Amino acid sequence: MGISFHVTSVREGTIFNVMQFLSLEKVTGTLSISFGRHIPDAMIFFVSGKAAASEFGDLKGEQVLDMLLCQEYAVKEINFAPGRESQYKEGTLIKSPSLSGAMLNASKDVDQCAARPYIFGLLPVNTPEQGSIESLLQVFYDFKKHNDFLQSIKPADSDRDAPLPQCVLLHRALSRNVLTYKTPLVALKSFRPLLEIVQPLEEKEAENLRGYMRSLLPHPRATHMPLERFYAFASAVESIAYRRGSETGDEARRIIYRLIQSTTKLNEAINV
C-alpha cells in the first residue's frame, strides 16, 4: 500500500517540503492542495517521485507552482493519495526535469513578481461581467471566462510585470478599480501617523507588533490589510498608546477612526 497523508497546518515552505518528501519517496499519485470548500483544489500529479503535471482550472503546468508559492498563506490543507499514472490534460505537463529545478524557478518568479503585493487570492471580488465572486482564486481558476474583459482594459503606466500573464491583467484591473475587492482594504502606508505617535517602541513592543502585523497580512509582501484585520492591529497599537498616557491614547483612537472612515467611504465610492 502506498503513502497517503493529510496536512492541515500549512506555513511558508510547507508545499516545498511536502513535494520534496514525495520526490524522495518516489511516489506515484495525486497531491491535492485545498484553499477551502468554495474553491476547487489545485492538483499535482507525481510519477515515481517526479512532479509530472499540475492543474488548477485554467492554470496549467509550472503556472500552478507559481500560484501555489505566491498564495501559500491561503492554503488550508494538503492531501496525497497514491494511485496509478493517469492521462494528463493538454498543457498540464511540468517541463522542468527535476522537482528542485521547478520549485527554484517558481520561487524566483514569486520573488521577482511586481504584481504580487496587490494579489490577494482569498478575498472576494466584484466583477463588471459576473458580479460578486467568492474569491480572486476563483477568477484564476475560471480565467477564460474573464480573459476577454480583462484584455479589453488598456495598458497604463501603473501596470506591473509578472511571470503569469493572468497576474498582469488582474493587477491592471484591480489598480484601476475596474475589478474591485469586495472587502475594504487599508493601505499599509496609511499606518504611518498611527505608528509615529507610539514611537519610540521598546524592543519587545516592536518585535510583537511586527509579528502581529505579519500574521494579519494576506501574504508577506502585501501592501494592504483587510479592514476587519486592521481593527485587530489598530486595537494593539491603541493599547500601547494608552500605556503612554491618556492623551496619546485618545489621539491614537482619533487616527484609527479617521482611517476606518476614509477606507469605508473609498470602498463605497468604488463599489457604487
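Scanning segment 31-40 for residues that are open to solvent by 10 Å² or more (accessible area, probe 1.4 Å) and either farther than 15 Å from residue 83 by Cβ or in contact with a Lys or Arg (Cβ under 6 Å, 6 or more places away or on another chain) (or both) yields a count of 6. The residues of segment 6-30 that are crowded, with 17+ Cβ neighbours inside 10 Å and either part of a loop (DSSP other than H, G, I, E, B) or without any contact (Cβ under 8 Å) to a residue 24 or more places away in the chain (or both), listed by number, are 10, 27, 28. Residue 146 meets each of the listed conditions (1) open to solvent by less than 30 Å² (accessible area, probe 1.4 Å); (2) within 26 Å of residue 19 (Cα to Cα) apart from (2). In the condition set (1) part of a helix (DSSP H, G or I); (2) modelled with pLDDT of 95 or more, residue 33 is compliant with all but (1).
Tell me yes or no: at least one residue of segment 204-221 is of a type outside the set (Val, Ile, Thr), under 21 Å from residue 115 (Cβ atoms) and touching a helix residue (DSSP H, G or I) at 6+ places or on another chain (Cβ under 6 Å). Yes, segment 204-221 has at least one match. Of all residues in segment 199-229, which are small (Gly, Ala, Ser) and in contact (Cβ under 8 Å) with a residue 60 or more places away in the chain? Hit for segment 199-229 is 222, nothing else.
Yes/no matrix, rows are residues, columns are (1) under 28 Å from residue 124 (Cβ atoms); (2) open to solvent by 60 Å² or more (accessible area, probe 1.4 Å):
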position	(1), (2)
196	no, yes
207	no, yes
213	yes, no
220	yes, yes
231	yes, yes
248	no, no
262	yes, yes
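Listed by first and then second residue, the pairs with beta-carbon distance under 6 Å, at least 6 apart or on different chains, first residue in segment 40-60 and among the hydroxyl-bearing types (Ser, Thr, Tyr), second open to solvent by 30 Å² or more (accessible area, probe 1.4 Å), are 48/26; 48/28.
A quick yes/no check of all residues on (1) modelled with pLDDT of 95 or more; (2) farther than 25 Å from residue 264 by Cβ:
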{"residue": "142", "(1), (2)": "yes, yes"}
{"residue": "166", "(1), (2)": "yes, yes"}
{"residue": "178", "(1), (2)": "no, no"}
{"residue": "188", "(1), (2)": "yes, no"}
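The values are calculated or read from the model by the stated rules, or taken from the named source; none is laboratory data. None of the values given here were measured: they were computed from a predicted structure. Counting neighbours? That spans all protein chains shown, and the Cβs are built from the backbone with ideal geometry, glycine included. Calculation scope for accessible area: heavy atoms of the full protein, side chains included, ligands and nucleic acids excluded. Shrake-Rupley method; radii C 1.70, N 1.55, O 1.52, S 1.80 Å.
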